[in-house]
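Have a look at the structure below before the remarks.
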Amino acid sequence: MKHRQSALLLAIEVLVFGLAVGRAAQTFSTADVDRLVQSLAGYESQNDPAILRSIEAVIRYGGTEPRMLSYLEDQLLKLLQSEQATLSAKRFACHQLWMIGSEKSVPVLGEMLKHADTCEMACYALRSNPSHQTDTVLRDALSLVSPEDKIRIVNLLGERRSRDSFPLLVDLARGKDTQTGQAAMAALGKLGTMSAAEFLKQARQNAKAQAKDEITQAYLQCAQRLLEGGQKNEAIAIYKEVLPPPEPLWVRQAAVMGILQSGGESIPEEIIQVIRGDNARLRAAAISGLHAMPGRLVTLQMLTGLDSLSSPDQVLLIEVLTLREPKLVRNPITQKTESSDPQVRLAALAALGKIGDVSSVPILVKALTGTEGDKQTAMISLRQLKGDSINSVILSEMETAKDQVKADLIEILSDRQATEAVDAILKAAEGGNSIVQKAAYKALARLAGADKLKDILQVFLWKYNAETATEAERMIIAIAKKGDVSENSKLVQFASVALNLPEETQKPVCISLLRVLGGIGSEKALEFLTMVCWNPNVEIRDTAIRELTQWSDPVALPKLYELMEKTQEETTRILALRGYLRLLQVPSNRSCSETVTMMGSVRKYTLRTEDQRLVLSVLSTLNCIEALDMAAGFLDNTAVAQEAALAAVRIADRISAAEYKARIIIVMKKVLTIVQGGELGQQADAILKRAGS
């Protein structure tokens with residue numbers, strides 16, 4: 001039966017998907033809906049939700065077929081009346097009736113209101129039902145339900161703004177049941193009528209302290225509903241009533257926001273008095289809420305009162321003013337960048353990033369020489385400024401600025417992606433000190449294209465600065481990688497030139513360029529570095545060797561082998577060996593046995609224990625019998641026997657026990673004589689059993 005039901009659901013999903021894709025060619029049938037609802041009746045929350053998705057799809061794609069949605073409503077109502085349908089199925093049906101329910105749903109849902117296990121789901125379904133009978137059914141059910149469900153129905157009458165329920169809600173609000181009375185008060189607030197407002201006003205006046213807050217909340221809700229309904233004057237009257245002390249702060253703040261939301265051509269006098277008042281939190285609410293009032297006159301009123309405010313309030317108002325018309329507020333806010341109060345000054349500097357124009361650039365540049373806070377805020381604003389001419393004005397300021405400010409402006413131009421500034425930044429690097437050079441090199445790495453590489457190399461070569469060499473190297477690598485192979489040739493040419501510089505200049509420039517060539521990793525760079533490995537200058541030679549041993553491509557393997565073979569220096573041989581073994585682990589189309597053969601060719605250079613351990617580490621990553629044999633060859637070497645045993649176990653675990661059974665058994669038995677138990681011994685035992693030993 002379960003398989004038959006799954007097949008039915010699958011068929012329905014296919015049908016629904018087909019209808020979603022090709023509505024013009026097909027339509028829903030009543031038989032389809034019958035099958036869906038029939039399958040839904042036994043649904044439990046732990047079941048496959050496919051049936052739910054199918055019914056939702058019928059509603060989603062059946063919006064242009066009212067007849068079919070009406071038929072679905074009928075079938076869902078029958079399900080709700082069925083004693084065999086599960087509560088989960090009924091709950092889902094009610095959720096769908098929230099979307100498609102009509103007047104004919106009301107009687108069935110009305111009956112469900114009377115039962116504790118279905119009242120909540122019925123309320124959900126009735127929430128958006130357009131029928132006027134809904135409110136009647138809800139009211140009729142109030143005397144038949146539990147206190148908890150009574151509160152649920154009262155809340156729903158309020159949400160539906162059931163004005164005909166006003167007398168009943170008033171009676172409930174005056175009743176002895178406290179919880180129902182509170183719910184009724186809240187519902188009256190949601191009605192948003194003057195009758196409800198008058199009742200809530202009287203109730204507030206007569207209420208005890210503990211109940212007054214909840215009634216006030218309903219009163220404010222009523223004012224909001226009146227405002228939304230176009231009864232502006234009535235709403236404002238309520239807000240003005242609750243604005244003065246001794247009302248609690250939260251009530252007064254709500255009143256302020258309500259008055260501001262009511263609009264007007266100018267700031268209401270009540271709000272002006274609040275801003276002039278002595279309650280800081282209420283002032284803050286009023287100032288922050290001014291953004292809700294549009295209009296030029298309101299903006300001018302804000303600007304007029306700006307100087308009379310305290311520093312914290314000026315900061316708040318400046319933030320609000322940044323949302324107004326930029327041309328109107330720019331100059332007054334610019335004046336505040338000269339304020340002696342640091343918080344006001346920072347707020348103004350930050351605001352210029354949002355409302356500033358080209359005239360704001362010199363102001364912000366000047367702030368770069370101020371406090372650290374001024375500088376950081378000004379830099380953020382300079383990055384944010386919008387306008388076609390902003391970059392050119394920043395560039396002009398940069399060319400005449402002192403070193404630190406020049407460096408800051410270079411960083412800003414970089415962040416603004418000002419590629420038009422590349423030549424000027426390069427010029428600054430050529431003539432600047434270390435601070436400027438570092439900033440320039442970082443910027444050029446981001447902004448300059450490969451076409452600028454030759455000019456940049458000339459600056460680097462002839463204006464070499466050891467303090468900025470690292471940034472310069474990173475810059476050159478980044479720029480070279482943007483170009484093609486020809487750009488790498490330029491680097492090799494410059495490195496060749498550097499080799500012929502006077503000795504006092506040659507060494508540092510050469511070392512930097514060799515590191516650059518290593519970072520680029522091209523074929524020409526590899527050839528050049530290989531040649532320099534035999535340079536008579538020790539530092540230059542060591543740099544070339546180290547770059548070669550750090551190569552990322554196996555193409556360098558022959559070069560490293562040649563270096564091992566020919567060098568007379570033990571340190572060089574060790575570095576070359578390590579680089580060689582590292583490159584053997586880089587993925588390639590080389591077979592495992594070929595890799596082992598290459599490792600065997602350098603075995604004669606692995607005389608030190610640490611080098612032998614490195615060989616075993618590489619071997620442990622391989623998966624061929626040749627690797628196992630080589631690892632086994634180290635088992636008699638007591639210095640690395642444990643490492644050899646580990647490598648042998650790892651290799652044996654990966655290769656075919658059937659194909660190499662005899663050899664695996666011999667090696668694993670030898671491993672067991674070395675490790676003598678432990679986790680590695682257990683692994684060796686397992687491999688032996690797998691091999692049939």
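The values are calculated or read from the model by the stated rules, or taken from the named source; none is laboratory data. Since the model is a prediction, treat every value here as computed from it, not as a measurement. Virtual Cβ from ideal backbone geometry, glycine too; neighbours counted across all protein chains shown. When the accessible area is computed, the model is the full protein with side chains, heavy atoms only, and any ligands, DNA or RNA have been set aside. Shrake-Rupley method; radii C 1.70, N 1.55, O 1.52, S 1.80 Å.
General remarks:
- Shape of region 389-508, Cα gyration tensor, a/c cut at 1.5: oblate
- Principal-axis tilt of helix 570-584 within the chain, Cα atoms, nearest 10 degrees: 50
- Highest mean packing first, where packing is the average number of other Cβ atoms within 10 Å per residue, the peptides 112-119, 402-409, 45-52 line up as 402-409, 112-119, 45-52.
- Cross-link pairs beyond the 26 Å C-alpha cut-off, checked among 150/190; 604/689; 406/524; 232/354; 190/240: 604/689; 406/524; 232/354
- Gyration tensor over alpha-carbon atoms, region 568-693, equivalent ellipsoid semi-axes in Å: 27, 17, 10
- Our note on the geometry: Cα centres of region 282-351 and region 402-454, 36 Å apart.
- Dipole magnitude for the chain: about 660 debye, using +1 per Lys or Arg Cβ and -1 per Asp or Glu Cβ, origin at the Cα centre.
- Dipole of region 459-594, positive direction: furthest Cα of 468, 537, 586, with charges on the beta-carbon: 586
- Using the 1.4 Å probe convention, the accessible area of region 497-567 works out to 45 Å² per residue with neighbouring protein chains retained.
- Euclidean distance of C-alpha centroids, region 199-267 and region 43-109, integer Å: 42
- Rounded to the nearest 20 debye, the dipole magnitude of region 500-649 is 100 debye, with +1 charges on Lys and Arg beta carbons, -1 on Asp and Glu beta carbons, and the Cα centre as origin.
- Loop-located trypsin sites (Lys or Arg not before Pro) in region 304-388, at most 11 other Cβ atoms within 10 Å (DSSP): 386
- Cysteines in the chain that lack a partner Cβ within the 4.7 Å cut-off: 94, 119, 123, 222, 510, 533.
- For region 251-298, the direction-averaged projected area of the alpha-carbon convex hull comes to 2.9 nm².
- Shape category assigned to the chain from the gyration tensor of Cα positions, a/c cut at 1.5: oblate
- Global geometry of region 73-162, whether rounded, prolate or oblate, following the gyration tensor of its Cα atoms and the 1.5 cut on a/c: oblate
- Taking the helices alone, the chain has a mean residue ellipticity at 222 nm of -22500 deg cm²/dmol, built from -39,500 (n - 2.57) per DSSP H run of at least 4 residues and averaged over all its residues.
- Between helix 30-40 and the chain: long-axis angle, C-alpha atoms, 0 to 90°, nearest 10: 80
- Of the trypsin sites (Lys or Arg not before Pro) found in region 142-224, those that fall in a DSSP loop while having at most 11 other beta-carbon atoms within 10 Å are 176, 208.
- Seen against the Cα atoms of the chain and their longest principal axis, helix 403-415 is set at about 70 degrees.
- Of the trypsin sites (Lys or Arg not before Pro) found in region 600-693, none is in coil by DSSP with at most 12 other Cβ atoms within 10 Å of its Cβ.
- Fraction of accessible area attributable to carbon and sulfur, the chain (%, probe 1.4 Å): 51
- Mean Cα-pair separation over length for region 146-186, i.e. relative contact order, pairs under 8 Å, 6 or more apart, %: 47
- What the pair-distance distribution of region 473-603 shows, using all Cα-Cα distances binned every 5 Å from zero, is 2, 11, 21, 21, 18, 14, 8, 5, 1, 0 percent.
- Relative contact order of the chain, pairs being alpha-carbon contacts under 8 Å that are 6 or more residues apart, as %: 4
- Normalised contact order of region 518-602, rounded percent, pairs of Cα under 8 Å and 6 or more residues apart: 24
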